Amino acid sequence: MERGLYCARVLRQMVRAFIADRTVLPINPYGDWKTSMLSDQDLGNALMLHLQELGDSFTSSAIVDWLARPEVKAEYGISKTISESTARRWLLALGYRYRLEARGQYVDGHERKDVVWYRQKIYIPGIQELLQRTMEYDLNGAEVHPRPREFYTSRQVVIWYHDESIFYAHDRRRKRWFHKDASPKPYQKGEGASLMVADFVSAEFGWLRSPDQKSSARCIFRPGANRDGYFTNIEIRNQATEAAELVKKHYPRFDHVFVYDNATTHRKRADDALSARHMPKLPSESLAKNWLVERSVIHPATGRPERLPNNKIRKERIRMADTKNPVTGEPQSLYFPDDHPTKPGLFKGMSQILVERGWDAAPLARGVKRAECPSFKCADVTDPSATCCVRRILFNQPDFTNVPSLLETDMEPYGIRILFLPKFHCELNPIEQCWGYAKRVYRLNPASSREEVLEENTLKALEAVPLVSIRRFFNRAHRFVDAYSQGLNGQQSAWACKKYRGHRCIPEWILEDLEKAGLKK
């Protein structure tokens, strides 16, 4: 304390006196010994509850105003309120921090019940089966041998991951080395011109292109109402067709799999495809009110939707496609025949469709079983035998469940399998890290608002992603697959993949490590 020998002697006497008698406290020359009001547990709990009621938009003055209320003063014996600086210290003690809102990939629907079911039951088994027939690479990008028996007894599989990313003209590094005498410059307004890039990447070949580097499936798109428009399912399918023709021509000795994000643009079905989502329970009353599905009118010359004078897409109403009765195997129409005596051409309704499939008509009658659970949020959306509502029963029918997307239909003649990633799982798509690598390189370029410079810098940045890094990105994504297959959730998988970043799979003792780290529930 640098206070001298006298202070040391006084402290020694006070300590000895306190050891001899714990009721003897030293005299405080600055006043009475006081503790913070926040040490009152009841007051702290009440304050936490009050802050939760205020939501996210409150300041330290909210605590000052709350303590100034007469009823609060009377309940907790408070004679005077506190200052805002003290209120800020209280917020720190309660665990609050004044900072930017945290962003994370394991929020929202990452651990939603239906998403977890799709991840564990559909995607993980599918991708693990394919990985038995793919080549693995170590940290230096070299091939790893030996592989599982399936790799040598069947055709090798090449997995191509697809995604889109947007590069902006004004996207530059915010932090870099400046000279102390450098003059400040104003930020450019807005993000500037944008350029969308859609491409495929694999661990074997990197970006999808021919061996001579002259042909590529890469799609360069300038999104915007007054530019190239918007990247729709039509562009997705056209690009997939180009990619399929390219891989079949230049890499015919492999079996190819295209992996897409689980987005509605990618999973779009035919306009008249089976869907129980908006069907009425009972038959239509008349032809004027007949239940039909809407579809966009496609211009025969351009192949794109026609637009009305007000720029809206022209629509037309058509019947939903026929199906097969899963019980009898015979064709089943969702509409009464045109020669029906009372309901010619009318939609049958969900109840009648199920009756024709062998379901008892009594529970499906009007007023007995409801058409749909509130907002179609049934108790267990993953139970294929759920009978909580008529829509859920029909929704779980095999022909309604296994309707292929247009993308899958287009790739079937090429023998290319389509696999869709689980929703909210960007960590399972290695191309996401390829975009991040390319954008880090892109931000080093000098600032420019010209679109031709934007495209040139973007393409150079994409070419700067080395194949070794791409293979490491694939290893990381497949470590997540292995972690999820062992029953880990998103937070646990992220911790495990970071801890064992040099491994191609998660070790068997990961549960013990999670328990030691306090992450096992």
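The values are calculated or read from the model by the stated rules, or taken from the named source; none is laboratory data. None of these values were measured; they are calculated from a predicted model. Neighbour counts run over all protein chains shown; Cβ positions are idealised from the backbone, glycine included. All accessible areas refer to the heavy atoms of the entire protein, side chains included, with ligands and DNA or RNA removed. Shrake-Rupley method; radii C 1.70, N 1.55, O 1.52, S 1.80 Å.
Tabulated results
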| quantity | calculated |
| --- | --- |
| Residues (outside the structural domain of Pro341 (by the TED database) and within 31 Å of the chain's Cα centre (by Cα)) located in the range 272-324 | Asp272, Ala273, Leu274, Ser275, Ala276, Arg277, His278, Met279 |
| Pick from the range 151-181, criterion among the acidic types (Asp, Glu) and buried (at least 16 other Cβ atoms within 10 Å of the Cβ), ranking: farthest from Ala198 (Cα to Cα) | Asp171 |
| Residue list for the range 122-136, filter: in a loop (DSSP other than H, G, I, E, B) and either in contact with a Cys (Cβ under 9 Å, 6 or more places away or on another chain) or free of Cβ contacts under 8 Å to residues at least 24 places away in the same chain (or both) | Gln132 |
| Hey, Leu511 within 21 Å of Gln120 (Cβ to Cβ), of a type outside the set (S, T, N, Q) and in the same structural domain as Ile220 (by the TED database) or not | yes |
| Given (1) under 23 Å from the mean Cα position of the chain (by Cα); (2) modelled with pLDDT under 95; (3) in a helix (DSSP H, G or I), index of the condition Gln433 fails | (2) |
| Criterion: farther than 26 Å from Glu294 by Cβ, open to solvent by 20 Å² or more (accessible area, probe 1.4 Å) and out of contact with any helix residue (DSSP H, G or I) (no Cβ under 6 Å at 6 or more places or on another chain) - qualifying residue of Glu356, Glu330 | Glu330 |
| Members of the range 466-481 that are in contact with a helix residue (DSSP H, G or I) (Cβ under 8 Å, 6 or more places away or on another chain) and either surrounded by 20 or more Cβ atoms within 10 Å (Cβ to Cβ) or over 17 Å from Phe200 (Cβ atoms) (or both) | Ile470, Phe473, Arg476, Ala477, His478, Arg479, Phe480, Val481 |
| Given (1) among the charged types (D, E, K, R); (2) at pLDDT below 95; (3) more than 21 Å from Ser194 (Cα to Cα), index of the condition Glu235 fails | (3) |
| Test for Leu282: is it closer than 30 Å to Cys373 by Cα, open to solvent by 40 Å² or more (accessible area, probe 1.4 Å) and aliphatic (A, V, I, L, M) | yes |
| Qualifying positions in the range 390-412 - under 18 Å from Cys373 (Cβ atoms), part of a helix (DSSP H, G or I) and open to solvent by less than 40 Å² (accessible area, probe 1.4 Å) | Val390, Arg391, Arg392, Ile393, Leu394, Phe400 |
| Search result, residues across the range 33-84 that are exposed (fewer than 13 other Cβ atoms within 10 Å of the Cβ), part of a helix (DSSP H, G or I) and of a type in the set (Ser, Thr, Tyr) | Ser39, Ser61 |
| Failed condition for Thr342, given (1) of a type in the set (Ser, Thr, Tyr); (2) part of a helix (DSSP H, G or I); (3) open to solvent by 80 Å² or more (accessible area, probe 1.4 Å) | (2) |
| Number of positions in the range 21-42 that are of a type in the set (D, E, K, R), over 22 Å from Ala74 (Cα atoms) and at pLDDT 65 or above | 2 |
| Total residues in the range 166-177, condition more than 22 Å from Leu462 (Cβ to Cβ) and touching a Pro at 6+ places or on another chain (Cβ under 9 Å) | 0 |
| Considering residues of the range 239-277 that are free of Cβ contacts under 8 Å to residues at least 12 places away in the same chain and closer than 30 Å to Thr323 by Cβ only, the residue surrounded by the fewest Cβ atoms within 10 Å (Cβ to Cβ) | Thr264 |
| Sole exception among (1) at pLDDT 85 or above; (2) polar (S, T, N, Q); (3) more than 30 Å from Trp66 (Cα to Cα) for Asn45, by number | (3) |
| Selection within the range 285-300 - of a type in the set (Ser, Thr, Tyr) and out of contact with any strand residue (DSSP E or B) (no Cβ under 9 Å at 6 or more places or on another chain) | Ser286 |
| The range 182-228: number of residues that are open to solvent by less than 60 Å² (accessible area, probe 1.4 Å), closer than 30 Å to Phe254 by Cα and not in a strand (DSSP E or B) | 7 |
| Per-region count, the range 440-465, residues open to solvent by 50 Å² or more (accessible area, probe 1.4 Å) and either outside any helix (DSSP H, G or I) or at positive phi (or both) | 6 |
| Conditions (1) under 30 Å from Phe205 (Cα atoms); (2) open to solvent by less than 60 Å² (accessible area, probe 1.4 Å); number of the one not met by Lys423 | (2) |
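One line per residue, one yes/no per condition, for (1) of a type in the set (Gly, Ala, Ser); (2) touching a residue at least 24 places away in the same chain (Cβ under 8 Å):
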site: Ala361; (1), (2): yes, no
site: Arg366; (1), (2): no, yes
site: Cys378; (1), (2): no, no
site: Val381; (1), (2): no, yes
site: Ile393; (1), (2): no, yes
site: Gln397; (1), (2): no, yes
site: Leu406; (1), (2): no, yes
